[in-house]
1. Out of C:Gly43, C:Gly27, C:Gly34, I need the residue that is under 17 Å from A:Ala40 (Cα atoms) and crowded, with 24+ Cβ neighbours inside 10 Å. Which one?
2. Report, by residue number, each residue of the range C:118-147 that is aliphatic (A, V, I, L, M) and in contact (Cβ under 8 Å) with a residue 60 or more places away in the chain.
3. Among the candidates A:Leu144, A:Leu156, A:Leu123, A:Leu130, which residue alone is more than 17 Å from A:Ser41 (Cα to Cα) and either in a loop (DSSP other than H, G, I, E, B) or not small (Gly, Ala, Ser) (or both)?
4. Pick from the range C:162-195 the residues that are farther than 19 Å from C:Lys54 by Cα and aromatic (Phe, Trp, Tyr): which of them is nearest to the chain's Cα centre (by Cα)?
5. All but one of (1) within 23 Å of C:Leu30 (Cα to Cα); (2) crowded, with 24+ Cβ neighbours inside 10 Å; (3) at the interface with chain A (Cβ under 7 Å from one of its Cβ atoms) hold for C:Val91; which doesn't?
6. Among the numbered criteria (1) touching a Leu at 6+ places or on another chain (Cβ under 8 Å); (2) facing another protein chain (nearest Cβ under 7 Å); (3) in a loop (DSSP other than H, G, I, E, B), which one does A:Ile112 miss?
7. Conditions: (1) within 28 Å of A:Ile168 (Cα to Cα); (2) among the β-branched types (Val, Ile, Thr); (3) not in a helix (DSSP H, G or I). C:Val96 meets all but one. Number of the miss?
8. Condition first: of a type in the set (Gly, Ala, Ser) and surrounded by fewer than 21 Cβ atoms within 10 Å (Cβ to Cβ). Can you find one or more residues in the range A:26-43 that meet it?
Amino acid sequence: MKAPNRNDRSTRYLNPYLGGVLLGLLLLMTYFITGRGLGASGAVKSTVVATVNEITPEYAHRSNYYSQFISDDESPLNTWLVFEVLGVLAGAFLSGALAGRLKLKVEHSPGITAGTRLVAATLGGFLFGLGSQFGRGCTSGAALSGSASLALSGFLAMMGIFGTGYAIAWIFRKLWV
Amino acid sequence: MMMKDKAYWILTAVLLMLGGGLLIFSPAGKPDEVPPAELFRAMHDSSRFMCTDEVTRRIIEEDPSLLLIDVRNPESYRSFSLPGAINIPLTDLLLPEWGDYLRAPGMEKVLYSNDDIMAGQAWILCTRLGITDLYIMRGGLNLWADHILTPEAPPETASMELTDRYRFRLGARLYFTGGTGTGVSATQAEPIPVVRREKKTTIQGGC
Amino acid sequence: MGPLIPQGIIDPAWNNVFALLIGLAFGFILESSGFSSSRKLAGVFYGYDFVVLKVFMTAVMVCMIGLLYFDYMGWMKLSSIYILPTFLYSVIIGGVIMGFGFILGGYCPGTSFCGAVIGKIDAMFFTVGLYLGILFFSVLYPVFEKIYHAANLGPVQVHDLIGIPAAWFAFAFLVVGLIAFFVVSKIEARAKKIEY
């Protein structure tokens, strides 16, 4: 809303409270239909399991980790979250297309180069992926769905993510402002 | 300015109203439980019983919607129990792990013990927890054994209905005893494997 | 009665169809709220844009109140939905690592998918990082296994831990959240405008 050039369609976003209410209702509906919340990192986990199982099936079956997610009659990709994330991709693309935001670019603060941004993004993704496994879910699966269902772990994950974020924001301010 | 942020004030008003409603409706209440008056009514409703013949018929027909629950202790259960019954000792009834069985949708849960007493206690506990489709096998295993394992022949002059029931019980006895004739004592019966159903659906989550 | 699919009211065969549809709405809402832009997301940590906090907290409040009403009306018992179990050490470690990931990467997994699909190259790199991070965890799982399973408190809920009714907790959460929105909007109005 506070975007500089208000006339540009691509910087006009939904009112955050409206977005929040819609997201909350969607999450509620998801619980009502499926008994579980939303997620995101789980789909990447399934992809990891699927590729490892494809490349070295023997190792995958031996490993305590991968074997949890492998069954003989089903692809590890056949999970609820994988389908959900396919939907996310489609939905985000649709929204981006309608708002005229489809544009290939590296978004970065003027203080850093695109290269720095990409390195930081990859490293950030790496850490987020690692953390999401410890947290048994990411911002959507643990913090959002967890907190909404009053799970202690959800609040701990939320406080962990945002608390750490604020604690270290100053150190990494060059990346953003 | 902030005051002009209409969306914020609408959100605040609606959420506070809904949140306040929650406080009023369900303060410390335990909505899971059935109120005493309703429980009292249910306790005096004889349809909570299922007769031994009905249970027997459904065992023989392998009715998939029947879930027999033996509430006696594990030793008694091991020495004799009805085919397909699961064992939930009365003392363990409230453990959360049994929730899946007791709340299984579309299943008619039949509780039994040696007589009506323990099954009756279990029935009251479960009903209080809001579990439905719950029955007691009237007379318990003792009456079941009397009726099915040692059926009493009706007098010659008995009605068709009684004679039919006798025939049914004779047939059932054959079914349960494997045709070895009369006088099968409970302890001789084959041990029935404990049937533990898989959970209907496991809800998984997280990402 | 609910949840509909686990209770068998809707055939489980529909599970994946609902997953797609729910995902579609999820992605649409995230993207149209601006979650496809890392600089908008990171604003929450630097005080120039609190959209993350607003959307996220509003969603938590709405869903939490909704779940409690559903529970109260008997439509869906709170005990019948998946409650993420709490493994104390693991979740705290995970949260801290994710906090670092958020500041460095500017995205979280769900939002990076949104960014990637509308052409943000940094978001694509972030998802590659995600893949590598999870691969790293899974390969070193034997090392992490012990801490991963330590201090299991089970599917514990906050109000149980504090010992107050869920409705009270939800109401308190609501009040705190709404006050926070008011405060951050003030901060936002004062912050240096950032162009992105």
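The values are calculated or read from the model by the stated rules, or taken from the named source; none is laboratory data. The structure presented is a predicted model; accordingly, all values stated were derived computationally and were not measured. Here Cβ is always computed from backbone atoms with ideal geometry, including for glycine, and neighbour counts include all displayed protein chains.
1. Of C:Gly43, C:Gly27, C:Gly34, the one residue that is under 17 Å from A:Ala40 (Cα atoms) and crowded, with 24+ Cβ neighbours inside 10 Å is C:Gly27.
2. Of the range C:118-147, the ones aliphatic (A, V, I, L, M) are C:118, C:121, C:123-124, C:128, C:130, C:132, C:134-135, C:139-140, C:143, C:147.
Listed by number, the residues that qualify are C:Ile118, C:Ala123.
3. Details: A:Leu144 fails: more than 17 Å from A:Ser41 (Cα to Cα); A:Leu123 fails: more than 17 Å from A:Ser41 (Cα to Cα); A:Leu130 fails: more than 17 Å from A:Ser41 (Cα to Cα).
The match here is A:Leu156.
4. C:Phe169
5. Result: C:Val91 fails condition (1) only.
6. (2)
7. (3)
8. So the first thing to find is which residues in the range A:26-43 are of a type in the set (Gly, Ala, Ser), and the list is A:35, A:37, A:39-43.
Among the residues that remain, those that are also surrounded by fewer than 21 Cβ atoms within 10 Å (Cβ to Cβ) are: none.
Within the range A:26-43, not a single residue is of a type in the set (Gly, Ala, Ser) and surrounded by fewer than 21 Cβ atoms within 10 Å (Cβ to Cβ).
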